[in-house]
Amino acid sequence: MSRKIKDIKRELITFLLLLPAVFVCLPIIMLVTGSVMSNGELRQHLSPVFSDALDYISWKIVPDYPTFGNYGKLLFMTPQFFVLFWNSIKMVGCILAGQLLVGVPAAWAFAMYKVKGSRALFVLYVVLMLLPFQVTMLSSYLVLNKLGMLNTQQAVILPAVFSTFPVFLTYGGFRCIPMQLLEAARIDGAGELRIFCTIGLPLGKSGLLSAMVLGFLEYWNMMEQPMAFLEDKSLWPLSLYLPEITWAQAGYAFTTSIITLIPAVFVFIWGQDYLEQGIIFSGLKE
Amino acid sequence: MAKRVVGLKRNVKRQKTGAKGHKEMRAFFLFLAPSLLGVLLFVLLPFMDVFGRSFKTVVTSQFVGFQNYKTIFANQAFQLAVKNTLRFTIICIPLLVVIGLMIALPVSKLKSAGTIKSLYLFPMAMPTATIVIVWKMAFYKQGFLNLALTRLGELTGLWGAVHTDYLGSSASFWVLVFSYIWKNTGYTIVLWLAGILGIPNEMLEAARVDGASERQCFFKIVLPNLKGSLYTIVILSFLNSFKIYREAYLVAGAYPEQDMYLLQHLFNNWFVNLDFDKMAAAAVCVGGFLFVIIMLLQYLWDSRD
């Protein structure tokens, strides 16, 4: 009997937790609905925005006449959209590849070699990781200006490549490798680079992947950097272009939102375990 | 056999202090070099330049001492921005920490929490630009929030139609708070969960056998064991609190309602207007302040164990 009550209680708790969770995801559902609504229906729902009347905007979870018209228009009649989409892909790809090349060896150095001064350097990295973009905005601008990189995509890519956040995350993964394993490899005569490639990379994979997943979500969403350093709108990523769409083109805004969202959702679903691990790694004590 | 292993170990130890130490140092710097050079070139050296500029005028580069610092501290926009940013941080971080814990505690007792965790984490994956249109629809003066409030008023008969413009009044600050909590609750839950599940079950069992109530277990065992998680959550929430600028900018532009005017707006506007002298001084101040806070937190955490 008491077991039954316990079961009911557990189900009730699950339900009570699920309710706000669904509420949290409501905005996504609205975006999906909006993207398959016809323009006429959208205008009808959103008419108070245009007319300044006192009635409220309305919504339907299932549209009366679902249509992929806006998708068609976006994908086949807006070549400009592809330029921006490609910009986003290119910048995020370059940043992540650069972070792999630069950040992973750095994380390995911090995790495996406890030499004099390494701790102080690591603390410096942590502080840099925590400084917001606005604090380093002027310094980035000065150096990019000197290198003649302003208004090119390198201005967004290069500073991000040397971000210290992925170093910190990958470090979390490397730290879980037992030292004895390295000692054994050294005794067997393996060089440091070989140890890094054959032991470090495979065993630190989860830390590395979590840095990539968190990095993707962060840079797919980046706004401050391109806004400050890219004047030419044809160089912008999608995330900056999207807000330029006005209420009058609401259907277009919903559709573009969904397409922007798709890669992020894909990475989220594929990498959720790494994402969680990354969040936990980011909290490991050095 | 055993003796030989011991001998081997001793051998390794001896090597480490001598030639090995040098070798280790070399490997350390070789692995670190690309990253360290980049950090020097893109962050540290230019920041020193900024530090120098904070004592000079912008056009003539004349040395003016602390003049720029005096200017920004007397600047009303700076005072407003600092006040709002502090207010935002002081309200949001405790709120986020508590909400996260309140959800994580019951979730930790469930057998399969995968779906719930994913649902709460999902906002983290949503690009800010895609969500702004929904926020506008919700907080517009004829939007969903007002619609819901009006219906509630009709139902209870306590108030009439509500037409608050949340984005154009002091309520806009709370819109920001809401959207911050919405986006960041997920990872807070994950961190709390990691902490809670890390507490050895035997400890709780033993306490229960000794007759401790659930309340006592929570306050005497669970909470004290979560201090490490708390530190992490505070640091990460703090880091992410600066990113609220995206929402604020997208919802209300570069010069929003004054309760929403954050340090990030100010930096951006100074940047656009080429007020590099003020910006340099403010960057040094904010950077220095953050450095002290981070060091203090690190110290507190280190002295814990």
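Just so you know, all these numbers are worked out from the coordinates, no wet-lab data involved. Quick caveat: nothing in here was measured; it's all calculated off a predicted structure. Backbone-built Cβ (ideal geometry, glycine too); neighbour counts: all protein chains shown.
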Cut-off 16 Å, label 7 Å out along Cα→Cβ of B:Met48, residues of the range B:28-42 by amide N: B:36-42
Inter-label distance, nm, simple model (7 Å from Cα along the C-beta direction), A:Phe266/B:Met295: 4.6
Of the DSSP H helices in chain A, the ones reaching 15 Å or more along their long axis in Cα terms and averaging at least -1.0 in Kyte-Doolittle hydropathy are A:2-35, A:39-51, A:79-112, A:118-130, A:133-146, A:205-220, A:250-270
Can you sort B:Trp174, A:Trp220, B:Trp159 so the residue with the fewest Cβ neighbours within 10 Å comes first? B:Trp159, B:Trp174, A:Trp220
Quick one: order A:Val267, B:Val292 by neighbouring beta-carbon count within 10 Å, fewest to most. B:Val292, A:Val267
Report the Rg/Rh value for the range A:135-228, based on alpha-carbon coordinates and the Kirkwood definition of Rh. 1.14
Using alpha-carbon positions, what is the distance between the centroids of the range B:62-128 and the range A:14-74, in Å? 29
Once you put a point 7 Å from the Cα of A:Leu12 and another 7 Å from the Cα of A:Val32, both along the Cβ direction, what distance in nm separates them? 3.1
Any chance you could run the full-extension gain for A:Ile5 through A:Thr78? It's 0.36 nm times the residue separation minus the Cα-Cα distance, nm to one decimal. 20.4 nm
What nm distance separates the two modelled labels at B:Arg26 and B:Arg87, each placed 7 Å from Cα along Cα→Cβ? 6.0
Env charge @ A:Pro263, Cβ radius under 15 Å, K,R +1 / D,E -1, value 0
Say the dipole of the range A:2-67 comes from +1 at the beta carbon of Lys and Arg and -1 at that of Asp and Glu; which of A:Ser58, A:Val32, A:Ile5 then lies farthest toward its positive end? A:Ile5
Which FRET efficiency value, to the nearest 0.05, is calculated for B:Leu274 and B:Lys227 with the Förster distance at 35 angstrom and r the Cβ-Cβ distance? 0.15
Given the C-alpha atoms of chain B, compute the convex hull and give its volume per residue in Å³. 254
Directionally averaged projected area (convex hull, Cα atoms, the protein assembly as shown), nm²: 35.2
Percent breakdown of C-alpha pair distances by 5 Å bin, ordered from the shortest bin, for the range A:77-156: 3, 11, 13, 17, 20, 16, 10, 5, 3, 2, 1, 0, 0
Using a simple charge model, +1 on the beta-carbon of Lys and Arg, -1 on the beta-carbon of Asp and Glu, nothing else, what dipole does chain B show about its Cα centre, in debye to the nearest 20? 1720
Using DSSP loop states and a limit of at most 12 other Cβ atoms within 10 Å to flag trypsin sites (Lys or Arg not before Pro), what is the longest stretch of chain B containing no flagged site? B:112-303
Distance in Å, no decimals, from the C-alpha centre of the range B:226-263 to the one of the range A:75-95 is 28
Which of the helices in chain B, when you take each full DSSP H run, stretch at least 20 Å along the axis at their Cα atoms and have an average Kyte-Doolittle score of 0.0 or higher? B:19-39, B:76-109, B:172-197, B:227-241, B:276-302
Apply 1/(1 + (r/R0)^6) to the Cβ-Cβ distance of A:Thr246 and A:Thr198, taking R0 = 56 Å, and write down the FRET efficiency to the nearest 0.05. 0.50
Any idea what % of Cα-Cα pairs in the range A:2-67 are farther than 17 Å? 59
Please report the orientation-averaged projected area of the range B:33-78, defined via the convex hull of its C-alpha atoms, in nm². 4.3
If R₀ is 25 angstrom, what is the calculated FRET efficiency for the pair A:Arg186 and A:Leu101, using the beta carbon separation as r and rounding to 0.05? 0.50
Checking the a/c ratio against 1.5 first, then a/b against b/c, what shape does the Cα gyration tensor give for chain A? oblate
